[in-house]
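A.B. asks: Got a structure here, written out as structure tokens. Questions coming.
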Amino acid sequence: MNRRDSLKKIMMASGALVALPSWAKEWTADSLSFPSSVFAPAEQQLLASVVDALIPAGDSIGALSLGVDQFLIKLFDQCYEKEIQENINHQLDQLNQTAKSVFEKDFSDCDQQQRQELLLRLASSESKNEKDFFNLIKSETIRGFTTSREVMVNYLHYKQVPGHYYGCVDVKA
């Protein structure tokens, strides 16, 4: 290992860290570029409405308050194939069109009972794409909700370290 190169790298990194606050103080969330999503903002809002219909906020927490909709957007963007992403986009558009034809308003504007009725239509549909869409959204929403920190720690009482270690314990034989 070359000590001179290592010292140069450490000094350059230190200089960058010292200079960071002066040139990064004007950063805002709008000025930073984020990777684009396969979901348009309207589709993201629609997905949030679907998540809210599946696990609504009642007396306790709901899926939206935990950010499950953002989890799903990142999950579908980064972990699923293009065909599945296209099916999700298409089914979200179809769901919104169905809401407009049945209730004469967007899915996001429907009340909880109307949203659930529309989603149950997808669950009992004859179309494989509609059933796959519903099952995927439902299972990933449940997974995102139940694996969130809030639910794991406060409701399921998850502990990172599994139990206590008792070294000297009498064993009855």
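The values are calculated or read from the model by the stated rules, or taken from the named source; none is laboratory data. Remember, it's a predicted structure, so these values are computed and weren't measured experimentally. Note that each Cβ is placed from the backbone with ideal geometry, even for glycine, and that neighbours are counted across all protein chains shown.
A.B. asks: Only one of Gln113, Gln78 is within 16 Å of Phe39 (Cβ to Cβ), loosely packed, with under 13 Cβ neighbours inside 10 Å and not β-branched (Val, Ile, Thr); which?
C.D. replies: On the way: Gln113 fails: within 16 Å of Phe39 (Cβ to Cβ).
Of the residues listed, the single one that is within 16 Å of Phe39 (Cβ to Cβ), loosely packed, with under 13 Cβ neighbours inside 10 Å and not β-branched (Val, Ile, Thr) is Gln78.
A.B. asks: For the stretch 119-152: of the residues being more than 13 Å from Ile88 (Cβ to Cβ) and touching a Lys or Arg at 6+ places or on another chain (Cβ under 9 Å), which is surrounded by the most Cβ atoms within 10 Å (Cβ to Cβ)?
C.D. replies: Top of the filtered list is Leu119.
A.B. asks: Quick test for you: out of Leu156, Leu92, pick the one residue that is among the aliphatic types (A, V, I, L, M) and outside any loop (DSSP other than H, G, I, E, B). Don't jump to the end; show me each part of the working.
C.D. replies: Values: Leu156 fails: outside any loop (DSSP other than H, G, I, E, B).
Within the list Leu156, Leu92, the selection yields Leu92.
A.B. asks: Restricting the search to the stretch 101-110, which residues are surrounded by fewer than 15 Cβ atoms within 10 Å (Cβ to Cβ) and part of a helix (DSSP H, G or I)?
C.D. replies: If the condition is that a residue be surrounded by fewer than 15 Cβ atoms within 10 Å (Cβ to Cβ) and part of a helix (DSSP H, G or I), then Ser101, Val102, Asp109 are the ones that fit.
A.B. asks: When you go through Phe39, Phe71, Phe76 one by one, which is the residue that is modelled with pLDDT of 85 or more, of a type in the set (Phe, Trp, Tyr) and within 14 Å of Phe145 (Cα to Cα)? First the steps, then the outcome.
C.D. replies: Working: Phe39 fails: within 14 Å of Phe145 (Cα to Cα); Phe76 fails: within 14 Å of Phe145 (Cα to Cα).
Answer to the check: Phe71.
A.B. asks: Just give me the residues in the stretch 136-173 being without any contact (Cβ under 8 Å) to a residue 12 or more places away in the chain and closer than 30 Å to Phe103 by Cβ, in sequence order.
C.D. replies: Answer for the stretch 136-173, where residues must be without any contact (Cβ under 8 Å) to a residue 12 or more places away in the chain and closer than 30 Å to Phe103 by Cβ: Ser139, Arg143.
A.B. asks: Say we look at the stretch 88-100 and pick out the residues that are farther than 13 Å from Leu47 by Cβ and in contact with an Asp or Glu (Cβ under 7 Å, 6 or more places away or on another chain); which of these is surrounded by the most Cβ atoms within 10 Å (Cβ to Cβ)?
C.D. replies: Ala99
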